[in-house]
Amino acid sequence: MNKTIVIGGGAAGMMAAVFAARNGQEVTLYEQNEKLGKKLFITGKGRCNVTNDAPPEELLANVISNPKFLYSAFYDFNAQDCMAFFEQLGVRLKVERGNRVFPQSDHSSDIIRALEYELRRLSVKICLGSPVKTLWTEDLPNQELINPKKEPTKKCLGIILSDGKKEKADRVILATGGVSYPLTGANGSGLSMAQAAGHKVTELYPALVPLKTQETWCHELMGLALKNVEVTICNGKKKLYQGFGEMLFTHYGVSGPLILSASSQIVKKLQKQPMQLYIDLKPALSPEQLDKRILRDLSENLHKQIGNALAGLLPARLLPEVLALAEISPYEKGDALTREQRLKMVQILKAVPLTITGTADFKEAIITQGGISVKEINPSTMESKRVKNLYLAGECMDVDALTGGFNLQIAWSTAYIAGNQNITEV
Ligand SMILES: Cc1cc2nc3c(=O)[nH]c(=O)nc-3n(C[C@H](O)[C@H](O)[C@H](O)COP(=O)(O)OP(=O)(O)OC[C@H]3O[C@@H](n4cnc5c(N)ncnc54)[C@H](O)[C@@H]3O)c2cc1C
């Protein structure tokens with residue numbers, strides 16, 4: 001027998017199955033959903049940001065959890081390899097802002113179709129609607145173990161399906177994803193399987209996720225997007241994040257690209273206590289320049305109410321909130337504004353204060369932070385150090401990255417390695 005079982009028909013599972021089959025193995029892929037790539041379908045707002053056309057060092061710089069573990073994976077199968085892989089399967093790609101790579105068609109379905117076509121060409125047996133219940137493992141005989149703390153203490157013989165049926169294999173690749181967007185099939189069952197087989201699973205956090213705020217005024221600005229702002233997040237006096245870009249107000253707080261990136265840097269610490277978020281609404285202007293700008297606007301509209309005199313400074317829905325924070329009535333006349341009031345307004349414009357109380361939950365998180373501990377996985381082969389002949393790929397492991405195609409590149413690279421390993425004696 002020369003048989004590989006892959007659990008999970010997402011990005012990592014499909015890729016691992018392709019490479020195991022190209023490597024001459026008889027591959028069966030089990031997917032609990034009725035179709036492959038349900039999460040892949042919704043990536044990049046349906047356009048699938050398939051990778052980031054950047055060198056491995058830059059890919060690694062965008063990884064939040066355990067970048068060192070991904071070193072071999074990113075060098076063995078880099079973004080250019082990934083692009084060549086899909087181009088060879090007939091998917092034409094394009095590179096957009098920030099080196100983000102998308103199918104030219106803007107349809108994630110092209111990526112899924114290409115993978116599915118290749119799986120069928122390679123005669124991979126695809127079992128849809130087939131949830132795997134658990135791994136079928138067996139303890140290794142004690143006398144074979146020199147140091148059970150460091151060596152595998154079990155071997156994987158195959159899988160057990162939900163109807164109790166056992167399927168034997170020479171090796172099993174676990175690619176069941178994390179727990180974010182559970183409607184796509186990410187239900188954490190793979191993490192429980194790994195745990196039951198002796199793996200440590202680190203604590204799970206929603207990441208690349210909107211943040212909740214204590215202040216209700218920003219809930220009322222729901223839907224308002226701010227471009228070119230700078231966000232700083234502090235835990236007491238310690239600065240944890242600073243970034244420039246676009247954000248959005250939501251019905252419970254803040255979101256948008258800048259906030260999602262920020263969330264990945266802070267979620268672990270945020271669970272313990274609220275944090276302070278400051279929005280610099282005018283990052284290109286120093287406080288002095290901003291003061292001059294306000295003075296100019298006021299002098300040009302001396303007899304208008306402040307709310308109207310400063311209309312050009314901020315989006316119409318935001319100005320009243322900023323004035324309220326600066327304790328200035330929008331109905332006051334421009335010439336009545338004192339220097340202290342003006343300086344207070346400058347202070348608020350440079351650092352609108354918000355209190356972050358938590359994150360949205362896994363249902364809205366683009367990625368799971370945490371997963372199967374990478375300390376127990378060989379980074380050059382993706383083989384488990386605890387269970388012989390068990391391999392891991394993709395989001396089920398404790399690895400995650402920022403937005404920009406980096407998370408899918410983690411799935412492709414780790415799956416390439418896991419798929420490419422040869423069968424060893426069981
Ligand atoms: C809304 C959204 C947008 C995203 N956009 C991007 C993007 O544009 N670019 C990017 O790089 N990343 C993006 N991501 C992240 C990216 O989707 C993930 O990193 C990637 O899908 C992880 O691949 P995976 O194969 O490890 O897991 P998944 O894609 O989650 O696949 C796991 C599969 O395993 C199956 N499964 C689970 N348990 C079992 C079981 N017991 N038996 C059988 N099957 C099982 C699941 O049904 C699922 O199909 C996005 C994520 C979300 C939620």
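Where a number appears in this text, it was derived from the coordinates with a stated rule and is not lab data. Predicted model only: the values in this text are computed from it and were never measured. As a convention, Cβ positions derive from the backbone with ideal geometry for all residues, glycine included, and neighbour counts pool all protein chains shown.
Expressed as a rounded percentage, what relative contact order does the chain have, with Cα pairs under 8 Å and six or more residues apart?
On the way: 991 pairs, mean separation 106.1, N = 426.
After rounding, I find 25 percent.
Can you pull a Stokes-Einstein diffusion coefficient for the range 90-135 at 20 °C (1.002 mPa s), Rh from Kirkwood over Cα pairs, as a whole number of µm²/s? Provide the component values of the computation, followed by the final result.
Details: Rh = 12.9 Å.
D = 166 µm²/s.
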Task: Where only C-alpha atoms are counted, convex hull volume of the range 371-426 per residue in Å³ - done: 67 Å³
Task: Among ARG120, ARG22, ARG339, residue whose mean-square fluctuation peaks in a GNM of the chain (springs only between Cα atoms under 10 Å) - done: ARG339
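Using the C-alpha atoms of the range 90-206, what convex hull volume per residue, in cubic angstrom, is computed?
Numbers: hull volume 21.9 nm³, N = 117.
Cα convex hull per residue, to the nearest whole number: 187 Å³.
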TODO: Give LYS268/LYS363; LYS125/LYS168; LYS68/LYS94; LYS3/LYS166; LYS155/LYS375; LYS200/LYS269 a once-over and call out the pairs whose C-alpha atoms are over 23 Å from each other.
DONE: LYS68/LYS94
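What FRET efficiency comes out for the pair ASN378/TYR75, r = Cβ-Cβ distance, R0 = 22 Å, nearest 0.05? Could the numbers behind the result be given before it?
On the way: r = 15 Å, r/R0 = 0.69.
The value I calculate is 0.90.
Throw me the Rg/Rh for the range 207-272, computed over C-alpha atoms with Kirkwood Rh, two decimals.
Working: Rg = 11.4 Å, Rh = 12.0 Å.
That ratio equals 0.95.
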Open item on the list: Please arrange LYS200, LYS227 by how many other C-beta atoms lie within 10 Å of their C-beta, fewest to most.
Closed with: LYS227, LYS200
Open item on the list: Over 10 Å intervals from 0, what percent of Cα-Cα pairs in the chain sits in each interval?
Closed with: 5, 21, 26, 20, 13, 8, 5, 2, 0, 0
Task: Against the rule of thumb 2.2 N^0.38 Å, how large the Cα Rg of the range 1-131 comes out - done: 1.07
- [ ] Please go through the range 358-426 and write out the GluC sites (Glu not before Pro) that DSSP classes as loop and that have at most 16 other C-beta atoms within 10 Å.
- [x] GLU425
Open item on the list: With viscosity set to 0.692 mPa s at 37 °C, what whole-number translational diffusion coefficient in µm²/s follows for the range 197-320 from Stokes-Einstein and a Kirkwood radius over Cα pairs?
Closed with: 199 µm²/s
